[in-house]
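Structure first, commentary second.
The values are calculated or read from the model by the stated rules, or taken from the named source; none is laboratory data. The model shown is predicted, which means the values in this text are computed figures rather than measured ones. Don't worry about glycine lacking a Cβ; one is built from the backbone with ideal geometry, like all the others, and counts go over all protein chains shown.
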Amino acid sequence: MLYSMTGFGRAEATINGRQVVVELKSLNGKQFDVVTKLAPILRSYELDIRNLLNAALMRGTIDLNIAIKQEGASKPMTVNTSLAVFYYQGMQQIAAQLNIPEENVLATLMRMPEVVAPEQDVLPEAEWLEVKKVIEEAAHHLMDHRKNEGNALHKDLHQRIQSIESLLSDIIPLEAQRTEKIRSKITQSLNELVGKENVDPNRFEQEMIYYLERMDFTEEKTRLKQHCQYFHSTVEKEGISKGKILGFILQEIGREINTLGAKANYAEIQQIVINMKDELEKAKEQVLNIL
């Protein structure tokens, strides 16, 4: 089972006359990174929220928005009367110096900075525990979304690796042709250079065996097959976060494919290697989306 790193989750509830709405959005990210937009009364719980999401979501770039609205009566406000008096005294002095009437003073005072401000209350512990449940519910919905996205990635990745395995099996019947073509090419070049009658057959066979051994890619084929099998088994293992280890396995698969291509020295096999690399690159792109 695989989980995508992209997803969306939303939850809401009414807690003691407050409407709480939590929205979570997740995108790709190498580590855990969260950007929060919190209601002011939740600022003291920000670290708790970050730790909660880190444990629940593990990895990715997370965008969190928590809105809390007071139902029924208007949100409580506070009036800074001392500041209002200070502003009023200044206005009186200006009005006296300029000999202008004091009109609509109260309306002007109420618009002055920080005279009237929302009451910055602190969310009680009991209500925070209820808000925490709403956040956990939104995170759960996001993980469900990730799981659904992961099912499509699961199918695609299996097909990519199976394609590489199929291409690997296509190389087997070409190996005998490859050996014969190399032998024929070297024999022709040698005959043109020194003449057929001047070639020692025994020495030629010894050198040919040595040359073909250096070009043998049996080990690369074996390791490539093992890496592909390991990839399949890792995908099927229990657990949620597998993106990094799958990326490491694909690196090993790529290393064997590259070595195989370097040793091929045969156009038909090199074409197959190119197709392998194409499937590998598509698999790497998909693994970047895996949690």
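Some points to look at:
- Residue in segment 111-122 that is modelled with pLDDT of 75 or more, under 52 Å from the mean Cα position of the chain (by Cα), closer than 23 Å to K69 by Cβ and hydrophobic (A, V, I, L, M, F, W, C) present: no
- Qualifying residue in segment 190-200 (condition: at pLDDT 85 or above, exposed (fewer than 13 other Cβ atoms within 10 Å of the Cβ) and either over 30 Å from T6 (Cβ atoms) or not assigned by TED's automatic domain parsing to the domain that holds L260 (or both)): no
A quick yes/no check of all residues on (1) polar (S, T, N, Q); (2) surrounded by 19 or more Cβ atoms within 10 Å (Cβ to Cβ):
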{"position": "K225", "(1), (2)": "no, no"}
{"position": "F248", "(1), (2)": "no, no"}
{"position": "R255", "(1), (2)": "no, no"}
{"position": "T259", "(1), (2)": "yes, no"}
{"position": "L280", "(1), (2)": "no, yes"}
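- Scope segment 76-97; condition surrounded by fewer than 11 Cβ atoms within 10 Å (Cβ to Cβ) and modelled with pLDDT under 75; matching residues: P76, M77
- Filtered residue count, segment 205-233, keeping only those that are modelled with pLDDT of 75 or more and hydrophobic (A, V, I, L, M, F, W, C): 4
- Members of segment 22-43 found to be out of contact with any helix residue (DSSP H, G or I) (no Cβ under 8 Å at 6 or more places or on another chain) and more than 17 Å from R59 (Cα to Cα), listed by number: K37, A39, P40, I41, R43
- Residues in segment 127-167 that are among the β-branched types (V, I, T) and under 17 Å from A13 (Cβ atoms): V131, V134, I135.
- Pairs where the first residue, in segment 248-270, is closer than 25 Å to E285 by Cα and the second is hydroxyl-bearing (S, T, Y) and modelled with pLDDT of 85 or more, C-beta under 8 Å, 6+ apart: I249/Y230; I249/T234
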